[in-house]
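Notes follow the structure.
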Amino acid sequence: QVQLVESGGGLVQPGGSLRLSCAASVSIFSINVMGWYRQAPGKERELVAVISVGGTRNYANSVKGRFTISRDISKNTVFLQMNSLRPDDTAVYYCNADRGSVRTWGQGTQVTVSS
């Protein structure tokens with residue numbers, strides 16, 4: 001069973017930046033796809049950015065050019081660098097590990113963009 005520990009959320013002003021981290025309890029090479037999803041109040045959970053074991057990245061259209069997903073293989077950690085944050089980025093952000101037959105979620109970290 002993969003365990004995911006997230007960190008890095010918080011309150012930031014519009015236009016600001018945050019970096020989220022997600023540390024996995026296993027080698028990220030054993031995980032097909034890792035990524036970040038978010039859920040705003042009253043809305044469904046949505047994909048933000050994912051990275052495959054081969055390094056392919058995919059982003060939601062709403063975050064392209066502003067967010068960057070990366071990884072540190074030596075630390076089994078995936079990051080989400082979020083720049084030019086907007087109020088509509090406010091949500092709980094969840095890390096996800098997709099091993100095909102099993103998907104694991106982190107506990108979530110709150111990101112609030114407000115002046």
Checklist outcome for this item: Expected single match for more than 11 Å from the chain's Cα centre (by Cα), acidic (Asp, Glu) and crowded, with 21+ Cβ neighbours inside 10 Å among 72, 98, 89 is 89
Next on the checklist: Quick check on my filter: what residues within the stretch 34-54 are of a type in the set (Gly, Ala, Ser) and without any contact (Cβ under 8 Å) to a residue 12 or more places away in the chain?
Outcome noted: 42, 54
Checklist outcome for this item: Flagged pairs (Cβ under 6 angstrom, 6 or more apart or on separate chains; first in the stretch 92-115, more than 15 Å from residue 52 (Cβ to Cβ); second surrounded by 15 or more Cβ atoms within 10 Å (Cβ to Cβ) and of a type in the set (Lys, Arg)) are 93/38
Item to check | Output for the stretch 6-51, where each listed residue is at pLDDT below 95, open to solvent by 80 Å² or more (accessible area, probe 1.4 Å) and under 16 Å from residue 80 (Cα atoms) | outcome: none
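Per-residue answers, yes or no, for (1) modelled with pLDDT of 95 or more; (2) aliphatic (A, V, I, L, M):
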residue: 60; (1), (2): yes, yes
residue: 73; (1), (2): no, yes
residue: 78; (1), (2): yes, yes
residue: 95; (1), (2): yes, no
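The values are calculated or read from the model by the stated rules, or taken from the named source; none is laboratory data. What you see is a predicted model; the values in this text were computed from it and never measured. Neighbour counts are summed over all protein chains in view; Cβ atoms, including those assigned to glycine, are modelled from backbone coordinates with ideal geometry. Areas reflect the complete protein model, heavy atoms only, side chains present, ligands, DNA and RNA absent. Shrake-Rupley method; radii C 1.70, N 1.55, O 1.52, S 1.80 Å.
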